[in-house]
């Protein structure tokens, strides 16, 4: 079974917390739980712990993917779980941005604050799983960093150098074109071969993208998450709504708000309480898990 979790808001919908709550409830019910975060982004200034995770694992990795993998016992699968990862840093407002307007424009753009991107291809070679990592250093953004942040990035890069790893220098335009390439997402979907061995695979989208890849649209159920609320839809119904909303057929380019109005009445609606109320919180996810597993 595949379950896609996507968010109604561009930021802070609560996708990861929901994924963890559902994953733990399903695990307690005896299911083997997998996790997939096809595309992840994190800011090294606001989420500095990701720099620690990346140093410790020798792999550029974001907060959500690392925490979910740790909670679900999947740390050894991090390159497969999170094949495409983007690190951003704030730029220097007194550096090479020329004006306050230009500074705000840069800081409002993920592409223009990207300093490092990792793309991992996992495949079998001689009956052995091999992870090939491509790192792209965005030189034009690195030049706009403060000296301290530039040094931090250099130290991080040194900790990531290992076998089967290639580093190249490029610019943010290269990253934008790379992320627009549908072949990349098709290749990322090949990881589902490794992850579909789990009895339940939880797929987390990024920001408010309807779905991170085409393969993730082939899910049995889809949860649309907003702060305090989760709506459950049948996978087929959700897929049809997404595909009619994009003329190119690329679900990662469709905002959830675009398809929300045409989805209609959800299969189920759940109020998600604050995690502070632990018993009530667990009860809601146990209820969700019971409903889903009862339909297998």
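The values are calculated or read from the model by the stated rules, or taken from the named source; none is laboratory data. Since this is a predicted model, take the numbers as computed values, not measurements. When we count neighbours, we look across all protein chains shown, and the Cβ atoms used for this are built from the backbone with ideal geometry, even at glycine.
How do the helices (runs of 4 or more DSSP H) wholly within region 1-115 filter down when requiring 1 or more residues that are surrounded by 22 or more Cβ atoms within 10 Å (Cβ to Cβ) and in the same structural domain as residue 161 (by TED's automatic domain parsing): which remain?
Details: elements: 15-28, 49-57, 63-72, 78-81, 100-107, 110-113.
Hits in region 1-115: 49-57, 63-72, 78-81, 110-113.
Is region 132-149 home to any residue that is more than 18 Å from the chain's Cα centre (by Cα) and within 30 Å of residue 1 (Cβ to Cβ)?
So far as region 132-149 goes, yes, one or more of its residues are more than 18 Å from the chain's Cα centre (by Cα) and within 30 Å of residue 1 (Cβ to Cβ).
Would you say residue 28 is modelled with pLDDT of 95 or more and over 28 Å from residue 214 (Cβ atoms)? Walk me through how you get there before you give the answer.
Values: modelled with pLDDT of 95 or more: no; over 28 Å from residue 214 (Cβ atoms): yes.
No: the conditions fail for residue 28.
When you go through (1) more than 17 Å from the chain's Cα centre (by Cα); (2) exposed (fewer than 14 other Cβ atoms within 10 Å of the Cβ); (3) modelled with pLDDT under 95 one by one for residue 174, which number turns out not to apply?
It fails just one condition, (2).
Could you run through region 265-296 and say how many residues are at pLDDT below 90 and in contact with a helix residue (DSSP H, G or I) (Cβ under 8 Å, 6 or more places away or on another chain)? Give the derivation first.
Within region 265-296, the subset at pLDDT below 90 is 275-278, 293-296.
This time we only want the ones that are in contact with a helix residue (DSSP H, G or I) (Cβ under 8 Å, 6 or more places away or on another chain), so: 275, 293.
The qualifying residues number 2.
Mind checking which residues of region 156-172 are in contact (Cβ under 8 Å) with a residue 24 or more places away in the chain and assigned to a helix (DSSP H, G or I)? Spell out how you get there, then give the answer.
Of all residues in region 156-172, those in contact (Cβ under 8 Å) with a residue 24 or more places away in the chain come to 156-157, 159-160, 162, 164-172.
156, 157, 159, 160, 172 - these are the residues of region 156-172 that are in contact (Cβ under 8 Å) with a residue 24 or more places away in the chain and assigned to a helix (DSSP H, G or I).
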